[in-house]
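K.L.:
Dropping the structure in here first, questions after.
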Amino acid sequence: MTNLIDLITPTNLDLEREKFFASSHYNPTFHYTWQDREPNAEFEYFTKQNLWEAIKNQDHNDIMRSASRLFEVQIDADTLLEAKQVATTKGKTSSGSASEYIELMNRAFEYFDIKDIKVLMSEESGFNVRPKHEDKVILVSKHIHFEYFSMEGGVRHELVHVIRDKNSHFNHIKRVPNYLPTEEGLASWCQDNTNDDNGAAQHAIEYVGSSVGLSGSLRDIFDCMCELGMSPDLAWKRSSRHKFGFVDTALPGDILKPAMYYANEINVAKMSTAEKLRLFVGKISMTDLSTYPIYTGIWQPEKLIKYFNLI
């Protein structure tokens with residue numbers, strides 16, 4: 001199935017990375033599968049259709065408008081000021097490898113008695129971890145970075161996706177069109193709330209990066225991230241994601257998806273323990289909570305509250 005991630009991930013990332021680091025002035029020109037062929041008939045249009053049309057037309061302003069609606073992100077002055085402060089608040093330095101992360105993920109699956117999902121290493125770059133629920137696979141990039149978050153925090157983040165997916169099937173809840181901002185906000189909060197590493201700082205840097213990308217180039221975002229403390233290698237990886245969907249990255253524009261994590265994490269932080277727990281009933285959004293007055297699911301509430309520290 002063709003999905004939005006496949007459509008907005010450039011096929012020439014590695015080549016453009018080489019050009020980017022070979023010159024202090026070069027901004028990449030990204031290439032995509034949709035430039036060679038139309039997406040297949042199974043592409044999920046629903047709320048993503050406006051964004052897809054904007055990307056096809058390379059209408060930068062329309063891309064940003066559509067992305068803002070889809071990912072529920074508005075860059076506002078107060079949140080930006082707070083994000084800049086969080087971005088420079090450093091925790092413990094983390095370390096790890098893709099193989100160690102996979103081992104830790106498998107231990108978490110044992111804890112939750114999840115037996116039908118495989119965790120596989122991928123040679124691809126451009127992401128850290130990518131769940132593929134339909135295939136019952138979680139892909140872990142060989143090039144995963146732990147510069148700003150720990151393996152433990154990363155595992156908790158992905159477990160939120162898995163548990164909400166499984167509870168959706170258990171509770172016969174159909175995924176709502178706008179589930180993603182809430183899901184990534186909850187996953188990010190669970191990642192950062194249970195660790196004293198730099199996960200919150202990275203999510204904040206991404207928000208700041210989007211504020212730069214709205215009117216700047218990929219290199220402008222890269223320079224900003226380096227100034228905030230990221231290594232050049234990680235800053236490339238993260239700044240390039242802000243321009244996913246764009247062909248000419250020298251022009252203003254930001255896909256805003258990277259800012260979604262911090263923007264929605266701070267909303268989750270304001271919720272009560274009971275409200276956070278109810279978000280685990282399935283792939284719902286915050287606005288659907290009134291439909292689910294109590295938590296129901298495969299796992300007992302106490303197990304989720306303890307593991308994710310839902311307080």
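For (1) out of contact with any strand residue (DSSP E or B) (no Cβ under 6 Å at 6 or more places or on another chain); (2) at pLDDT 90 or above, each residue gets a yes or a no:
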| site | (1), (2) |
| --- | --- |
| 127 | no, no |
| 133 | yes, no |
| 137 | no, yes |
| 143 | yes, no |
| 147 | yes, no |
| 150 | yes, no |
| 153 | yes, yes |
| 156 | yes, yes |
| 163 | yes, yes |
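K.L.:
Could I ask something else about it? Take region 293-305 and flag every residue that is without any contact (Cβ under 8 Å) to a residue 40 or more places away in the chain and either open to solvent by less than 60 Å² (accessible area, probe 1.4 Å) or under 24 Å from the mean Cα position of the chain (by Cα) (or both). If you could, list the steps in order and put the result at the bottom.
P.N.:
Looking only at region 293-305, we keep the residues that are without any contact (Cβ under 8 Å) to a residue 40 or more places away in the chain, and these are 293-295, 300-302, 305.
The answer is 295, 301, 305.
K.L.:
Out of all the residues in region 65-87, which are surrounded by 13 or more Cβ atoms within 10 Å (Cβ to Cβ) and either within 23 Å of residue 227 (Cβ to Cβ) or touching a His at 6+ places or on another chain (Cβ under 7 Å) (or both)? Can you show your working first?
P.N.:
Just the residues of region 65-87 that are surrounded by 13 or more Cβ atoms within 10 Å (Cβ to Cβ), to begin with: 65-73, 75, 79-80, 82-84, 86-87.
Answer for region 65-87, where residues must be surrounded by 13 or more Cβ atoms within 10 Å (Cβ to Cβ) and either within 23 Å of residue 227 (Cβ to Cβ) or touching a His at 6+ places or on another chain (Cβ under 7 Å) (or both): 73, 75, 79, 80, 82, 83, 84, 86, 87.
K.L.:
Could you check region 241-256 and list, in sequence order, the residues that are out of contact with any strand residue (DSSP E or B) (no Cβ under 9 Å at 6 or more places or on another chain) and open to solvent by less than 50 Å² (accessible area, probe 1.4 Å)?
P.N.:
Answer for region 241-256, where residues must be out of contact with any strand residue (DSSP E or B) (no Cβ under 9 Å at 6 or more places or on another chain) and open to solvent by less than 50 Å² (accessible area, probe 1.4 Å): 241, 242, 243, 244, 245, 246, 253, 254, 255, 256.
K.L.:
Which one of 218, 214, 228 is in contact (Cβ under 8 Å) with a residue 24 or more places away in the chain, among the hydrophobic types (A, V, I, L, M, F, W, C) and in contact with a Lys or Arg (Cβ under 6 Å, 6 or more places away or on another chain)?
P.N.:
218
K.L.:
Can we say residue 216 is at pLDDT below 95 and among the small types (Gly, Ala, Ser)?
P.N.:
No; evaluated as a whole, the condition is false for this residue.
K.L.:
If you go through region 118-126 one residue at a time, do you hit one that is touching a residue at least 24 places away in the same chain (Cβ under 8 Å) and of a type in the set (Val, Ile, Thr)? So that I can check it myself, show each step before the final result.
P.N.:
Of all residues in region 118-126, those touching a residue at least 24 places away in the same chain (Cβ under 8 Å) come to 125-126.
If we keep only those that are of a type in the set (Val, Ile, Thr) as well, we get none.
No, the conditions are met nowhere in region 118-126.
K.L.:
Hey, could you check region 257-272 for residues that are more than 19 Å from residue 128 (Cβ to Cβ) and open to solvent by 10 Å² or more (accessible area, probe 1.4 Å) and say which is farthest from the chain's Cα centre (by Cα)?
P.N.:
Step by step, filter region 257-272, then rank; the result is 272.
K.L.:
Would you say residue 53 is in a helix (DSSP H, G or I), under 30 Å from residue 31 (Cβ atoms) and open to solvent by 30 Å² or more (accessible area, probe 1.4 Å)?
P.N.:
yes
K.L.:
May I ask you to list the residues in region 144-165 that are closer than 14 Å to residue 100 by Cβ and either over 16 Å from the mean Cα position of the chain (by Cα) or of a type outside the set (A, V, I, L, M, F, W, C) (or both)?
P.N.:
The answer is 145, 150, 152, 153, 154.
K.L.:
Looking only at residues in region 99-108 that are more than 18 Å from the chain's Cα centre (by Cα) and in contact (Cβ under 8 Å) with a residue 12 or more places away in the chain, which one is least open to solvent (accessible area, probe 1.4 Å)?
P.N.:
So, considering only residues that are more than 18 Å from the chain's Cα centre (by Cα) and in contact (Cβ under 8 Å) with a residue 12 or more places away in the chain, the one least open to solvent (accessible area, probe 1.4 Å) is 108.
The values are calculated or read from the model by the stated rules, or taken from the named source; none is laboratory data. Here the structure is a predicted model, which means the values were calculated and not measured. Here Cβ is always computed from backbone atoms with ideal geometry, including for glycine, and neighbour counts include all displayed protein chains. Areas reflect the complete protein model, heavy atoms only, side chains present, ligands, DNA and RNA absent. Shrake-Rupley method; radii C 1.70, N 1.55, O 1.52, S 1.80 Å.
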